[in-house]
Amino acid sequence: MNDSREWTPQAVQAEIDALKHKPGALLPILHALQDRFGHVPEGAVPIIAESLGLTRAEVHGVISFYHHFRTAPPGRHVVQVCRAEACQARGARALEAHAQATLGVDYHQTTADREITLEAVYCLGNCACGPSVRIDDQILGRVSPDAFDALVDELRTQPLEVLG
């Protein structure tokens with residue numbers, strides 16, 4: 001089965017060619033690759049470096065500096081816990097510890113079943129309703145540990161299709 005998010009050197013080069021003329025093109029290219037493939041493939045680093053006249057170390061340095069960029073495919077769902085001050089004041093530290101313990105992973109890791117990737121984020125713009133989380137593209141506020149558990153249960157519950 002061919003996954004549309006599977007990367008190829010040609011697909012990487014197409015993203016680079018579309019953006020390399022922009023000033024400071026490296027960041028837009030990295031964002032485009034992550035948007036398209038779900039991560040920045042390790043094999044893309046030499047292609048980016050050669051296309052932009054950079055060293056592989058320079059490209060890798062930018063990827064590793066920004067926590068937003070992933071170098072491996074994420075799980076089926078991405079769960080982000082807000083770590084900004086407003087959410088911390090409303091219990092985010094306890095929530096993040098609970099999330100890590102419940103999922104059995106640290107930030108920037110994916111559960112063994114490849115279902116959930118846990119990430120930290122530093123503001124979801126939902127400050128009055130902290131602690132907040134984003135699950136895929138949905139922002140949720142006032143998330144307690146019990147509410148987190150219910151959300152994770154929903155993510156892991158998959159309906160079965162009965163063929164008749």
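The values are calculated or read from the model by the stated rules, or taken from the named source; none is laboratory data. All figures in this text were calculated on a predicted structure; none of them were measured in a lab. Using ideal geometry, Cβ is built from the backbone for each residue, glycine included, and neighbour counts are taken over all protein chains shown. Please note that ligands, DNA and RNA were not included when accessible areas were found on the heavy atoms of the full protein model with its side chains. Shrake-Rupley method; radii C 1.70, N 1.55, O 1.52, S 1.80 Å.
Okay, here's what the table says:
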| quantity | calculated |
| --- | --- |
| Calculated diffusion of the stretch 31-96, Stokes-Einstein form, Kirkwood radius summed over Cα pairs, 25 °C and 0.890 mPa s, µm²/s | 177 µm²/s |
| Those GluC sites (Glu not before Pro) in the stretch 107-164 that DSSP places in a loop and that have at most 16 other beta carbons within 10 Å | 115, 161 |
| Calculated from backbone phi, Karplus (6.51, -1.76, 1.60) coupling profile of the stretch 12-22 in Hz, x at Gly/Pro | 4, 4, 4, 5, 5, 4, 6, 10, 5, 7, 6 |
| Accessible-area composition of the stretch 3-65, carbon plus sulfur, in percent [1.4 Å probe] | 56 percent |
| For residue 109, residues with placed amide H under 5 Å, excluding near neighbours | 118 |
| Helix 56-65 vs. the chain, principal-axis angle (Cα, 0 to 90°, nearest 10) | 20 degrees |
| Chymotrypsin sites (Phe, Trp or Tyr not before Pro) within the stretch 1-103: DSSP coil, no more than 14 neighbouring Cβ in 10 Å | 66 |
| Rounded FRET efficiency, nearest 0.05, which uses the C-beta distance separating residue 142 from residue 76 and R0 of 35 Å | 0.90 |
| Virtual paramagnetic centre 7 Å along Cα→Cβ of residue 102, amide N under 17 Å, in the stretch 69-83 | 76-83 |
| Vicinal HN-Hα couplings computed from phi for the stretch 26-33 (Karplus, 6.51 cos²θ - 1.76 cosθ + 1.60; Hz; Gly/Pro x) | 4, 5, x, 5, 4, 4, 5, 5 |
| Cα→Cβ-extended label distance, 7 Å offset, between residue 122 and residue 85, nm | 1.3 nm |
| The stretch 77-157, accessible surface, carbon-and-sulfur percent (1.4 angstrom probe) | 48 percent |
| Ratio of the Cα radius of gyration of the chain to 2.2 N^0.38 Å, where N counts its residues | 1.19 |
| Å² of accessible area per residue within the stretch 33-125, as computed with a 1.4 Å probe and no ligands counted | 50 Å² |
| Under 5 Å, built H, 5+ apart or other chain: amide partners of residue 78 | 117, 136 |
| Rounded D (µm²/s) - the stretch 3-65, Kirkwood Rh over Cα pairs, Stokes-Einstein at 25 °C, 0.890 mPa s | 215 µm²/s |
| Equivalent ellipsoid semi-axes, the stretch 77-157, via Cα gyration tensor eigenvalues times 5, rooted, Å | 19, 12, 11 |
| Relative packing of peptides 87-99, 48-60 - highest average C-beta neighbours within 10 Å first | 87-99, 48-60 |
| Under the Karplus curve 6.51 cos²θ - 1.76 cosθ + 1.60, θ = phi - 60°, whole-Hz ³J(HN,Hα) for the stretch 129-144, x wherever Gly or Pro sits | 10, x, x, 10, 9, 10, 10, 6, 10, 10, 9, 10, x, 6, 8, 8 |
| DSSP beta bridges in the chain [antiparallel fraction, %, rounded to 5] | 55 percent |
